[in-house]
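See below for the structure under consideration.
Just so you know, all these numbers are worked out from the coordinates, no wet-lab data involved. Quantities reported herein were computed from a predicted structural model and do not represent experimental measurements. In this analysis, Cβ positions are derived from the backbone assuming ideal geometry, glycine residues included, and neighbour counts consider all displayed protein chains.
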C-alpha cells in the first residue's frame, strides 16, 4: 500500500494600501507564508507616507491594535477600524485612539471600505485569483 502524498498548502499573502478617491493601489506587501496582517501594516503605511499625505486610513477588525493606531498617528492621520472587543467598557480599553473610536465610531467614513474591496476585486478579475508560478520570485511578478 502506498502512503498518501503530503499536500503542501502554498499561497501568497498580499497586504495593500490604496487610495479610495482615485482607486489607485499605493503600496503592496507580498509574503509567501501565512502571517497576520499587522506584521505588514507599519512598513506599508510608512512607505505610503513617504510619498503622499494620508488623512484617514480604513482597515478591517484585524488591524485593531494600539501599535497600528500609533503608527498612523505618527504620520498625522486617523485609523478607523472596528474594535475587536465591543463589549469592553471605554475605561478598560487601552489607547487614546481606540478609546476615541469606542466613544464615536464614524460609520459613514468606515463604509467607504467597500471601495477597497472593489479595487481588489477588479485586480482579481483582470489577473485572476490564482498564482501559477512555482518560485516565489516569479510569484511576485507573475502577470498571467
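Taking 0.36 nm per residue of separation and subtracting the Cα-Cα distance, full extension of the segment from residue 39 to residue 22 would add 3.5 nm.
Its relative contact order, with pairs defined as Cα atoms under 8 Å and 6+ residues apart, puts the chain at 19 percent.
Among beta bridges identified by DSSP and lying wholly in the chain, the antiparallel ones come to about 70 percent. Judged by the mean number of other Cβ atoms found within 10 Å, the most tightly packed of the peptides 13-21, 50-58 leads the ranking 13-21, 50-58. Note on residue 90 and residue 129: the extension gain reaches 10.0 nm, defined as 0.36 nm multiplied by sequence separation minus the Cα-Cα distance. Distances between every pair of Cα atoms in region 1-131, grouped in 5 Å steps from 0 to the bin holding the largest one, split as 2, 9, 18, 20, 18, 13, 8, 5, 3, 2, 2, 1, 0 percent.
Taking 0.36 nm per residue of sequence separation and removing the Cα-Cα distance, the residue 113/residue 30 pair yields an extension gain of 27.8 nm.
Taking the helices alone, the chain has a mean residue ellipticity at 222 nm of -10500 deg cm²/dmol, built from -39,500 (n - 2.57) per DSSP H run of at least 4 residues and averaged over all its residues.
The long axis of helix 38-51 is offset from the longest Cα principal axis of the chain by roughly 70 degrees. Between residue 14 and residue 75, what is the label-to-label distance in nm when each label sits 7 Å out along the Cα-to-Cβ direction? Placing both labels 7 Å beyond Cα along the Cβ direction yields 1.9 nm.
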